[in-house]
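Reading through the structure tokens given below for one structure.
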Amino acid sequence: MKNWLKDLLKKLESFRHQREYLIFQGIVLFLALLATVAIGIMPAQYELEAGEISPDTIYASRSVIDQEATGLARSEAAEQVEDVYLYDATVEGKIINRVTALLVYLLEAEEPVAPVEPAPGEENPGETQGEETEGNSLPEKAAQLLADFPEVGDEEKALALLAIPKEDVQQTLDLTSSLISAKLQQGIKPDEVELSLQNIKTDLLQAQISPQLRDLVIASLDEYYRNNRIYSPEETATQRRRARDQVEDIIILKGAKIIDKGEAVTAAHLSQLKALGMLETSFAYGYYLGLTVLILCVFSAWGYYLYRYRPEILAVPSRIWIIGLIVILTLWAAKIFGGILFEVGSPYLIPAGMATLLLTIIFDVNLSLIFGSSLALVIAITAGSEINVLVMSLIGSIAGAYSVTKVNQRSDLTRAGLLVAAANAIGIIGLTLLSNGLALTETSVLRTLVDLAMGVASGIISSIFAIGLLPFIESAFGITTSIRLLELANPNQRPLKRLLLEAPGTYNHSLMVGNLAEAAAEAVGADPVLCRVGSYYHDLGKLTRPYFFIENQFQGNNPHDKIPPSLSSMILTAHVRGGVELAQQYKLPPVIKDIIEQHHGTTLIGFFYHRAMAERGNKDQLLEDKFRYEGPSPQFKEAGIIMLADSVEAAVRSLSQPNQFRIQGMVDKIVRDKLTDGQLDQCDLTLKDLNQISQAFVKVFAGIYHKRIAYPTEKDLAKMSQ
């Protein structure tokens, strides 16, 4: 059983370092985030049918579009749009031309030539005028008219038409054209053609025109008269679509009463409850699908930011869990205090700043702002897409992030909470003026004061939660924050007290190394607090054998003079292992243990190495590994800085007459030797950084080893008074 459990733990530990584990983390955190958001907005459901009596007064749980009512209103608006008929301006001319073609023909026809009777004694005179009279005779004109207009009928009618005076024809033409134009200019639809045609016929019948012409015109109208407004299905569809689009969504506002207790349930009530997802027979699939898409967008943005700009966080699984835990806890706090889960609460009471306070302290302000601002969007979605919630969450998040960029003690979180409270109060005043202006009433003033109280309480609650959660996060995930480091810097800490009492020389050396390392860290942008606190504990292992280290030898007796160099080397290197063991015993943070383990790297213990070489007369080639620390070499900037500060402090203290030039030379030599020995290869310190670190060291030493004026003795004062 034990072996099976060990194998399982090994497999889990191996899985934690695989890429699949990161995918597993992402899926778990996404589902947890989605469930957290959905739970707060999932409405109560009722089993109701039309005609029943409502057992409760039901209010809308959120603002939502009533799709059914909106669709019905849009359909009604579309139905009210009449068919669209487009005016065809060419129809009028075509109809007039066809109806009046015979009249125009009669007007343009030449006067027919009457047949000439032969004079007495003459033979057929027509033979001599054949060319002049060909085609101009009345019968010929009648025949031509019948050929062009068969509707005339017979030759008799044709001759009668040709005999009508042109003035009468012109009158009929003008009247017909004007009547057709008057009607068609108004626009005639297909269903209006019959009435319009009848009106024209009536006018023609009442007019004083030739009956023969009138009958022909009426017959022609029956054949050619038609509508000049043409039905357009495309334009009709466009107009109806516009009418539908102009109907605004019918929104059921959050908190609106749907139905009273004891009221009969109608189809309209059921439609609204269905839109809200409050019927047991309905589920708002579209709403929750949209919610999933929005949360996925935010979650993907977080993942891309970490992948693109913060890969070092993705490389440590525990840090992903920390971020996810802070986000989800902030959402739950928003639900509880924002009135999302319960009727009590206020949107202005949402402690959105809690997330950015914790993220800034644990990580940095840039990551905090990214997650805090996007988390404000999620909070606003959870609260029903309220713009005021979004604005206040953003203000609280930004204020929280910037208020803890420099934290020197845990009480600074209280100050940060007050800053968030002040920012919230200013934001609430701005929103109030934006909505109400300066139109102050007793009710509005009272409401504003309540909102201000909620906003101030939000900032204070954010800091209280951050103060309370921070120690649990630190201990559960092994995170070392600046606040934890500042607590470790307290001289009353048990390890530091032991150093002061049992190894006072090492204690003072550590304090000096802390001053040097802190100044160097500030010069190159490293963590000065970590450098100072790490320096205080870097030689903790010397507590096991304090008198084997020269800074604790006050009687002048050096035990190393009586033991071989190899044993001395073993004792010196053992203080690193002893320091790690004591750090574990006192439950110091992992980063402090790393500094203890790396502060000597794999440096050669030169004094005892050369002493051993001298004792052997250089006859045997000694392995340097026996006189080197076990390492590893510094893995991060702060560890490298502490290594340099430790070496430089010991070397400068050994100078007999330290001055600025000797100190500068010694510092440069130490830094150069460490660089040449490869001790700084893995800690990301550049040559520019090393130069700035050297200058910082020299400045600190200049403040310690400056010239002092000798105070006069009593004899000197007596001589001066004579």
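Points worth noting:
- Considering segment 446-529, the qualifying helices (runs of 4 or more DSSP H), each wholly inside and each with 1 or more residues that are in contact (Cβ under 8 Å) with a residue 12 or more places away in the chain and over 21 Å from Asp594 (Cβ atoms), run over 494-502, 504-524.
- Residue tally, condition outside any helix (DSSP H, G or I) and among the polar types (S, T, N, Q), over segment 74-108: 2
- Any hit, segment 290-311, residues being surrounded by fewer than 16 Cβ atoms within 10 Å (Cβ to Cβ), not aromatic (Phe, Trp, Tyr) and not in a helix (DSSP H, G or I): no
- Of all positions in segment 236-256, none carries a residue that is crowded, with 17+ Cβ neighbours inside 10 Å, under 27 Å from Glu386 (Cβ atoms) and out of contact with any helix residue (DSSP H, G or I) (no Cβ under 9 Å at 6 or more places or on another chain).
- Taking first residues from segment 256-275 that are within 11 Å of Ala69 (Cα to Cα) and modelled with pLDDT under 85 and partners that are assigned to a helix (DSSP H, G or I) and among the charged types (D, E, K, R), the Cβ contacts under 6 Å between residues at least 6 apart in sequence or on separate chains come to Ser271/Glu68.
- The condition of being modelled with pLDDT under 85 and out of contact with any strand residue (DSSP E or B) (no Cβ under 9 Å at 6 or more places or on another chain) holds for only one of Arg611, Arg577, that being Arg611.
- Among (1) closer than 30 Å to Thr238 by Cα; (2) at pLDDT 85 or above, the one test that Ala69 misses: (2)
- Residue within segment 215-235 that is under 30 Å from Thr100 (Cα atoms), in contact with a helix residue (DSSP H, G or I) (Cβ under 7 Å, 6 or more places away or on another chain), free of Cβ contacts under 8 Å to residues at least 60 places away in the same chain and of a type in the set (A, V, I, L, M) present: yes
- A search for C-beta distances below 6 Å between a residue of segment 356-374 that is assigned by TED's automatic domain parsing to the domain that holds Ala301 and any residue that is among the polar types (S, T, N, Q) and modelled with pLDDT under 90, counting only pairs 6+ apart in sequence or on different chains, returns Ile361/Thr481; Ile362/Thr481; Val365/Thr405.
- Options Ile200, Ile230, Ile218: the member that is in contact with a Leu (Cβ under 7 Å, 6 or more places away or on another chain), assigned to a helix (DSSP H, G or I) and within 26 Å of Val84 (Cα to Cα): Ile200
- Residue match in segment 189-196 (condition: in a helix (DSSP H, G or I) and of a type in the set (A, V, I, L, M)): yes
- Exclusive hit being surrounded by 18 or more Cβ atoms within 10 Å (Cβ to Cβ) and under 23 Å from the mean Cα position of the chain (by Cα), set Ala376, Ala421, Ala416, Ala425: Ala376
- Residue within segment 345-359 that is of a type in the set (A, V, I, L, M), modelled with pLDDT under 90, more than 23 Å from Ile322 (Cβ to Cβ) and surrounded by fewer than 21 Cβ atoms within 10 Å (Cβ to Cβ) present: no
- Sole residue being modelled with pLDDT of 85 or more, farther than 30 Å from Arg242 by Cα and in contact with a Lys or Arg (Cβ under 9 Å, 6 or more places away or on another chain), chosen from Ile95, Ile39: Ile95
- Residue among Ala457, Ala517, Ala453, Ala503 that alone is in contact with a Ser or Thr (Cβ under 6 Å, 6 or more places away or on another chain) and modelled with pLDDT of 90 or more: Ala517
- Residue check for Leu567: of a type in the set (A, V, I, L, M, F, W, C), within 30 Å of Ile326 (Cβ to Cβ) and either over 43 Å from the mean Cα position of the chain (by Cα) or not assigned by TED's automatic domain parsing to the domain that holds Asp364 (or both): no
- Hey, Arg498 of a type in the set (Lys, Arg), within 21 Å of Ser647 (Cα to Cα) and touching a Leu at 6+ places or on another chain (Cβ under 9 Å) or not: no
- Put simply, of Leu655, Leu644, Leu675 the only residue that is surrounded by 22 or more Cβ atoms within 10 Å (Cβ to Cβ) and either polar (S, T, N, Q) or assigned by TED's automatic domain parsing to the domain that holds Ala612 (or both) is Leu644.
- Residue count for segment 385-413 under the criterion of being among the aliphatic types (A, V, I, L, M) and surrounded by fewer than 17 Cβ atoms within 10 Å (Cβ to Cβ): the result is 1.
- Flag for Gln635 being surrounded by 13 or more Cβ atoms within 10 Å (Cβ to Cβ), in contact with a helix residue (DSSP H, G or I) (Cβ under 8 Å, 6 or more places away or on another chain) and not small (Gly, Ala, Ser): yes
The values are calculated or read from the model by the stated rules, or taken from the named source; none is laboratory data. Only a predicted model underlies this, so the values are computations on that prediction, with no experimental measurement involved. Note that each Cβ is placed from the backbone with ideal geometry, even for glycine, and that neighbours are counted across all protein chains shown.
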